[in-house]
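To start, the structure under review is shown below, and the notes come after it.
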Amino acid sequence: MWGYGGLHALRRVAAYLALKGELPPPVEYPEYTEDPVYLEFNEMHYRFVRKPLSAGFLGLFRKPMPAPPFQHLMMHSDAEGFYIPQAFDLVVADWTQPERPGLGMMIGSSPKLLEECEALAKSLRLPSDFDPESDEFLEMIETPCPTGEPWQILAVEAHTVANLANAARASIKLGAAIQFC
């Protein structure tokens, strides 16, 4: 992975695709988490996952709101938590107080994360034989390319989505969890 910044950069791509139908312009690391589109999308997910707790008794009679896209990418701690190799639509939220150490409040699905990563990789036009650890590509991350394919312009995002997808594939194949720490 490209650290926390890579994950936030990829989440920003998801936000732009979901809310604006386009890829974001490239920015430097600190700006990933300050982007208004990213913040709006993150808030949308937070409201969705907290909705059952804030609706009270009357919430049982309301039509459920649809889950925002890219839920398994967005609703997960960037520093702790798990993805498990089981397919389930909604992220599992644990509201235990105090938080359980290492859980990160959210448990995601590796198969659903893989679906989301594949959709993002397609939007970035990432080649199927892409090697995120190749020397040529790592050099591209260090010296951003202002033109070319989206995966070349948004190189950190391409690196992150490829590695997350590879982790999800390994999780499914091995029957093992992915742990962020």
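The table for this structure:
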| quantity | calculated |
| --- | --- |
| Any hit, the range 5-16, residues being part of a helix (DSSP H, G or I), aromatic (F, W, Y) and under 22 Å from F180 (Cβ atoms) | no |
| Considering residues of the range 56-84 that are crowded, with 18+ Cβ neighbours inside 10 Å, part of a loop (DSSP other than H, G, I, E, B) and in contact with a strand residue (DSSP E or B) (Cβ under 9 Å, 6 or more places away or on another chain) only, the residue modelled with the lowest pLDDT | G81 |
| Matching residues in the range 17-50 - criterion: being farther than 17 Å from H72 by Cα, modelled with pLDDT under 95 and not in a loop (DSSP other than H, G, I, E, B) | Y29, P30, E31, Y32 |
| Boolean, S134 is crowded, with 20+ Cβ neighbours inside 10 Å, free of Cβ contacts under 8 Å to residues at least 60 places away in the same chain and not aromatic (F, W, Y) | no |
| So F88, is it at pLDDT 85 or above, closer than 29 Å to R169 by Cβ and crowded, with 19+ Cβ neighbours inside 10 Å | no |
| Members of the range 111-157 found to be out of contact with any Pro (no Cβ under 8 Å at 6 or more places or on another chain) and aromatic (F, W, Y), listed by number | F130, F137 |
| Filter pass, M106 being under 22 Å from R12 (Cβ atoms), surrounded by 15 or more Cβ atoms within 10 Å (Cβ to Cβ) and modelled with pLDDT under 85 | yes |
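The values are calculated or read from the model by the stated rules, or taken from the named source; none is laboratory data. Given the structure is predicted, the values throughout are model-derived calculations rather than measurements. Counting neighbours? That spans all protein chains shown, and the Cβs are built from the backbone with ideal geometry, glycine included.
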